[in-house]
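Below is one structure, written out as structure tokens, with a few remarks after it.
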Amino acid sequence: MADPCEDLIKAGRIFHAKGWMEGTGGNLSARHDEKSFWITSSGKHKGELGGNDFVRVDLDGGVVERREEPSKPSAETSIHQLLYKRFPIVGAVYHVHSVEANLVSMFTEGEMVRLAPLEVIKGFNIWTEDPEVSIPVFRNHGEVDRITADFAGWLDGNTPLIPVMLIRRHGVTVWGETPAKARNYVELIEYIFKYMVGARQLGL
């Protein structure tokens, strides 16, 4: 069985090189089995991840396995848990801190922000012409569990059109069936964010 943490190491290096995971910011996870997943250990530089920089947790937050003591899971583990529990098809969850994601999160004071209808939205399996796609934006509470609760409440009454959510002035979280799909979704949404920021600067 392939080690899913190898995909997380690769993603961390790519995202850091793009300026989306500076220092120890952000977190990455991949499903191990139906009851647990691997997530980056707290305080690890995402551009320099090694094989021991991960903790396996169950869907209720309990630590199942540490590859290195005294590693502890990311402070934002509860958001990952929510997604794995709500969507059994999810195989990976990635959270990055790009400048563009933070700027776009401020484009609205409401709970949703509409994305520019760019061609690359097809990468999310949206095939309509000039698609109207919006993603939810959540307040950045100091306690991550409050963000998770807000997200869970939103999911109770809504179905995400694409697997993306924003935390205001914090970052973007995406989820996908595999680590490769999740990485692709991060790159697609960041391209859209970059366009939206550039378009606003040009007054378009």
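A few notes on this one:
- Net charge contributed by nearby residues that have their C-beta within less than 14 Å of Arg67 (K/R +1, D/E -1): -2
- Across all directions, the average projected area of the convex hull around the alpha carbons of the range 1-83 is 5.0 nm².
- Between Arg67 and Glu177, the simple spin-label model (points 7 angstrom out along Cα→Cβ) gives 2.6 nm.
- Calculated FRET value between Leu204 and Arg139, using beta carbons and R₀ = 30 Å, to 0.05: 0.60
- Extension reserve of the Glu109-Thr128 stretch, reckoned as 0.36 nm per residue once the Cα distance is removed: 4.1 nm
- Note on the chain: Lys pairs 8 or more places apart or on different chains, Cα atoms under 19 Å apart, count 16.
- With the convex hull of the Cα atoms taken as the outline of the chain, the averaged projected area works out to 11.3 nm².
- Point-charge dipole on Cβ atoms (K/R +1, D/E -1) for the chain, about Cα centre, debye to 20: 300
- Contact order relative to length of the range 1-146, as percent, for alpha carbon pairs under 8 angstrom and 6 or more apart: 20
- Going from the residue with the fewest nearby Cβ atoms within 10 Å to the one with the most, Lys10, Lys44 rank Lys10, Lys44.
- Calculated FRET efficiency for the pair Asp58/Arg169, C-beta based, R₀ 25 Å, to 0.05: 0.20
- Axis angle, to the nearest 10 degrees, between helix 5-17 and the longest C-alpha principal axis of the chain: 40 degrees.
- Dipole orientation for the chain: of the candidates Gln81, Gly203, Pro136, Gly203 has the Cα lying most toward the positive pole (charges on Cβ; Lys, Arg +1; Asp, Glu -1).
Read-outs: derived from the displayed coordinates by stated rules, not from any lab. Keep in mind the model is a prediction, meaning the values are calculated, not measured. Glycine also receives a Cβ, built like all others from the backbone with ideal geometry; neighbour counts cover every protein chain displayed.
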